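Notes to accompany the following structure.
Just so it is clear, none of the values below were taken in a lab; they were calculated from the coordinates. All figures in this text were calculated on a predicted structure; none of them were measured in a lab. Reconstructed Cβ throughout: ideal geometry from the backbone, glycine too, with neighbour counts over all protein chains shown.
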Amino acid sequence: MKRCCVDRLACIELPSLPLQLLLQDQPEWKGFPCAVVDQDKPNGELLWVNEKARRLGILPGMRYGSALGLSSELRAAEMPAHRIEDAVQKLVEALQKFSPYIEPCAEEPGVFWIDASGLLHLYESLDVWGSAVRKALSAIGYVSIMSVGFTRFGTYAIAKASRYKKEGAVVFADPSQELAATRRVPLLRIGLTPKTLTLLNKLAVRTVEDFLKLPAAGIKRRFGDHAHRLHQLGTGDLWAPLQPAPPPDPHERVLDLDDEEKDSEKLLFLVKRLLDPLLLRLLSKGQALLEVTCVFEQEHGETLTELIRPAEPTLDAAMLMGLVRLRLESMKVHPGVTRLVMKALGVRATVEQLRLFVEKPKRDLKAANRAIARVRAAFGNDVVVRARLENGHLPEARFSYEAMTEVPEAQPRVVPRRSLVRYFKPTPLLLPPRPAREPDGWLVRGISHGPVSRSVGPYVLSGGWWRKEVERDYYFVELKSGSLCWVYYDKRRRRWFMQGKVA
Amino acid sequence: MSAAVAVSPTKAELHAMPFVRKLDGFAEEEAIFGLELIAGRLCEVSGEAALSLTISLVLQAQERSEPVAWITDKEHAFYAPDAAANGLDLDALVLAFLPDASSKARAADQLVRSGAFGLVVIDLAAEQRLPPALVTRLLGLAQKHTTAIVFLSGHETALGSLISLRATTRRTRRAHGEFVCELVAVKDKRRAPGWKHEEVLRGPTGLY
C-alpha cells in the first residue's frame with residue numbers, strides 16, 4: 001500500500017461472475033440453490049454457490065454428489081471458460097465507456113480495476129460516477145460492488161467487504177482513510193482458501209491488519225503461494241502499474257486509389273484485397289464475420305455505403321465475395337471511386353467455423369489401414385488396438401482394448417478444461433510396506449525419488465463382492481523428487497500397490 | 001443438466017491452432033509446442049509432464065484431421081479414461097503395443113512410410129537405445145511425409161544427434177487443483193534452444 005501509478009483507482013467486483021452468468025442462462029433457477037461445477041458429474045467439484053445453497057450448508061469445494069445429498073433441489077451446471085472470457089471481454093467494453101483504462105483481474109473473473117483519475121470534470125463526484133457505472137452493469141444484468149481509493153489491494157479488499165452497499169461506490173477522500181478501512185477488513189472477505197482461513201483463525205489472525213503483520217516468508221512456507229501473493233499485494237511488495245486492456249480493434253482497412261475507378265469488376269478485386277486481411281484478422285481473434293460495411297468514397301466528396309451481411313457469421317471469403325459481386329453489379333458507380341474503406345464486425349466463431357477456413361490435410365485413411373495391416377502382419381494380430389471406455393467401477397475395468405483394422409476420421413471433443421494424464425499399470429506394482437509412524441519416510445520409487453512428501457486421499461473403491469471382493473483405498477502421493485504416483489492400499493491383501501503415475 | 005452451447009475455442013486453444021498463428025504472423029519467439037512446429041521432425045520429450053503435453057499434441061492433430069498412432073508397450077500405456085476426458089477420440093487413435101524399442105521403431109517405420117499419419121508417438125519408457133539406422137530412416141520418412149515423430153523418453157539423455165527438438169518438461173502445482181506444465185526446449189535445430197511453452201491443466205479427478 002505504498003505506491004500507485006494513477007491518482008485515483010477504483011475496483012469493481014461482480015461477485016461470483018460465473019454464477020451470475022449461469023443464472024442469466026437459466027433464469028428459472030433463481031429461486032433454487034445453485035452452483036457452478038467444474039464437471040457435471042457426481043465427482044464434479046462445486047466452484048461457486050449462491051446464498052441459498054450456502055444456507056443449506058453447500059459450500060464451494062464440495063463434490064456435486066455430496067451436495068445433492070444435502071439438498072435434492074440443488075441446480076448445477078458447468079460454465080465453460082470461453083463463456084467467462086467472453087463475459088469479461090464484454091464487461092471491459094462496457095466499462096470502457098466510463099474510463100479508458102480498465103484492467104481485468106487475471107486470477108479472479110469478475111474483478112476489474114479502473115483508472116478513476118480526472119473524472120471529476122465530468123461527474124459531480126466519484127460516488128455519482130460509481131452509481132452510473134453500477135447502473136450500466138445492472139442494465140446488462142450484472143450485480144456489482146465498487147470502491148474508489150488509491151491502491152490496488154485497498155480498493156479490492158474494500159470492494160470485497162462492501163457487499164451490502166446498494167448503490168454508488170465506497171469512496172475514500174485520502175490514502176490514510178483507505179488504509180485504515182482496509183486494515184479493518186475481515187480476512188474472510190479477501191479470497192483466502194477455507195483451509196488457510198481456518199488455520200489463521202486458530203492463530204487469532206482475523207483482519208487484514210493482523211494478516212499483514214505476519215512475516216512474508218512464513219506465510220509462503222505455511223500457507224502457500226496464493227496467501228503469499230495476497231500478503232505481498234497488501235504490503236505493496238508486489239506493486240505493479242495498472243495494465244489496462246487494449247481498446248477495441250475496429251477491424252477496418254482503407255485503400256486510397258491513385259486514379260478514380262468506375263469499373264465494378266475492378267472494384268471487386270480491390271474489395272478482395274481488403275477483405276482477405278480483414279478475415280485473417282478476425283480469424284486470429286477467434287471471430288467470424290457478422291457483417292461488413294463497404295464505404296466507396298467518390299470524387300467530389302460523395303460516398304456510397306453498402307452493408308453486406310451473410311446468412312450466418314462466416315470466414316468463407318468466396319461466399320462473401322459472391323455477395324459483394326451481386327451488390328456491386330446493382331450499383332451505379334459514377335463518378336469513380338477514389339477511396340475504399342471496409343469495416344468488419346466480428347462475433348466469436350465456433351471451432352467448426354474456424355476449421356472450415358483451414359485447408360484439409362491430404363491424409364489417406366486407406367493408406368493408414370494398409371499400414372496397420374502391415375504392422376499386424378509383421379508383429380502379430382493383437383498388436384494394433386484401440387482403447388474403448390467401459391462402464392466399470394475399478395480403474396482397470398473402466399476401459400478395454402479391441403483390435404483395430406480401420407482408422408476412422410477423428411472426432412475430438414472440445415472440453416472446458418483439460419487435465420493431466422496418468423500412466424496405467426495393468427499389473428499393479430507391489431510397493432514396500434508403509435512404516436507405521438509419521439513422518440514415515442515411505443520410499444515408493446526407491447531412494448532416488450525420495451520419500452513421500454504429500455498424499456491426497458483416500459478414495460475408497462470397493463466392488464466385485466459377487467466374485468472376488470475388492471476393497472482399495474486410492475491415494476495420489478507426491479514424492480520429494482516431484483513425481484506424482486497413483487497408489488492404493490489393498491485392504492484384503494494388506495499390501496500397497498502402484499497403479500500408475502501422473503506424467 | 002448443462003444446456004448445449006456452441007463451443008468456441010479459448011485463447012489458448014486458438015493459439016494452439018498452428019494455422020492461426022501462421023496467418024496472424026505471431027512472433028517467432030512466441031513458440032507454441034504444436035504440430036506445426038514439429039511436423040517433419042524427430043522430437044524427444046521427457047520429464048514430469050511429458051505424457052500430458054503429448055496428449056495435447058494428439059488432440060491438436062485430431063482437431064486437424066491428422067491420423068495419429070501411439071506406439072508403446074502394455075506396461076507404459078496411458079490411462080484411456082484420462083485421455084478421453086481431455087477430448088481425445090479414442091476410436092481414431094491407433095495404439096500399437098510392442099515389447100521393445102527396436103520393434104517400436106520398426107512399427108513406426110511402417111506407419112510413417114504410408115504417409116497417412118500426421119503424428120506418431122513412440123513411448124520408449126526407460127529404454128534409450130534405438131538402432132541409429134532406424135532413427136535415420138524415420139527422419140527421412142518424417143521429412144518426406146511431413147509427419148511429426150515424438151519420442152517419449154524416461155530420462156533427459158539424448159536419443160541421438162538426429163533428434164531435431166529435445167525438450168524437458170516440468171510440472172508445478174498452482175492453487176485450486178491446477179498444475180502448470182512447462183516444456184523447455186533443450187535443443188532445437190531450427191532456432192535457439194531455451195524457449196518455453198506452458199499449459200495449465202487440472203489434476204485428474206481427486207487430485208488437488
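Computed values, structure above
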| item | result |
| --- | --- |
| Rounded Å value of the spacing that divides the Cα centres of segment B:82-115 and segment A:312-338 | 49 |
| Positive-pole candidate from A:Val333, A:Thr305, A:Ala317, dipole of segment A:252-356, charges at beta carbon | A:Ala317 |
| Difference of contour (0.36 nm per residue) and Cα-Cα distance, A:Asn381 to A:Ser66 | 108.8 nm |
| Kirkwood Rh and Cα Rg combined as Rg over Rh, evaluated for segment A:125-191 | 0.98 |
| Cα centroid separation - segment B:43-57 against segment A:7-65, whole Å | 34 |
| Test item: Cα-centred dipole of the protein assembly as shown, Lys/Arg +1 and Asp/Glu -1 on Cβ, debye | 2980 |
| Candidate aspartates and glutamates for bridging to B:Lys189, where Cα separation is under 13 Å - those fewer than 8 sequence places away on the same chain excluded | B:Glu44 |
| Mean projected area in nm² (Cα convex hull; one quarter of hull surface) for segment A:145-259 | 12.0 |
| Segment A:Val347-A:Lys213, extension gain: residue separation times 0.36 nm, minus the distance between their alpha carbons | 43.4 nm |
| Label-point gap, in nm, between A:Arg273 and A:Gln243 - each point 7 angstrom along Cα→Cβ | 3.9 |
| Förster radius 22 Å - calculated FRET efficiency between B:Ser161 and B:Ala192, Cβ distance, rounded to 0.05 | 0.80 |
| Size of charge dipole - segment A:1-137 - debye, nearest 20, with Cβ of Lys, Arg +1 and Asp, Glu -1, no other charges | 320 |
| Average beta carbon contacts from partner chains per residue of A:388-396, 10 Å cutoff | 2 |
| Spin-label model distance (nm) - A:Leu257 vs B:Arg129, 7 Å beyond Cα toward Cβ | 7.4 |
| Peptides B:111-117, A:120-126, B:202-208, B:184-190 ordered by average Cβ neighbours within 10 Å, highest first | B:111-117, B:202-208, B:184-190, A:120-126 |
| Qualifying lysines (Cα of each under 18 Å from Cα of A:Lys213; at least 8 residues distant if same chain) | A:Lys2, A:Lys202 |
| Relative contact order (%) - chain A, alpha-carbon pairs under 8 angstrom, separation at least six | 10 |
| Computed E for A:Thr235/A:Gln411 - FRET, C-beta separation, R0 51 angstrom, nearest 0.05 | 0.50 |
| Over 24 Å (Cα to Cα) - which of B:Lys144/B:Lys187; A:Lys272/A:Lys343; A:Lys195/B:Lys196; A:Lys97/A:Lys285; A:Lys90/A:Lys135 fall in this group | A:Lys195/B:Lys196 |
| Contour excess over end-to-end distance, with Cα ends at A:Arg492 and A:Arg467 and 0.36 nm allotted per residue | 7.6 nm |
| Beta bridges per DSSP with both ends in the protein assembly as shown, % antiparallel, nearest 5 | 75 |
| Leading residue at positive end of dipole, chain A (Cβ point charges), from A:Pro458, A:Gly482, A:Gln96 | A:Pro458 |
| Estimated inter-spin distance, A:Gln96 and A:Arg184, nm [label 7 Å along Cα→Cβ] | 3.8 |
| Charge dipole (debye, nearest 20) of segment A:422-502; +1 at Cβ of Lys and Arg, -1 at Cβ of Asp and Glu | 260 |
| Over the protein assembly as shown: Rg over Rh, Cα atoms, Kirkwood Rh | 1.00 |
| Listed residue (A:Met498, A:Leu200, A:Leu46) projecting farthest to the positive dipole end of chain A, Cβ model | A:Met498 |
| Mean residue ellipticity (222 nm) of the protein assembly as shown, computed from DSSP H runs ≥ 4 via -39,500 (n - 2.57), nearest 500 | -9500 deg cm²/dmol |
| Number of partner chain Cβ atoms within 10 Å, mean per residue of A:404-411 | 6 |
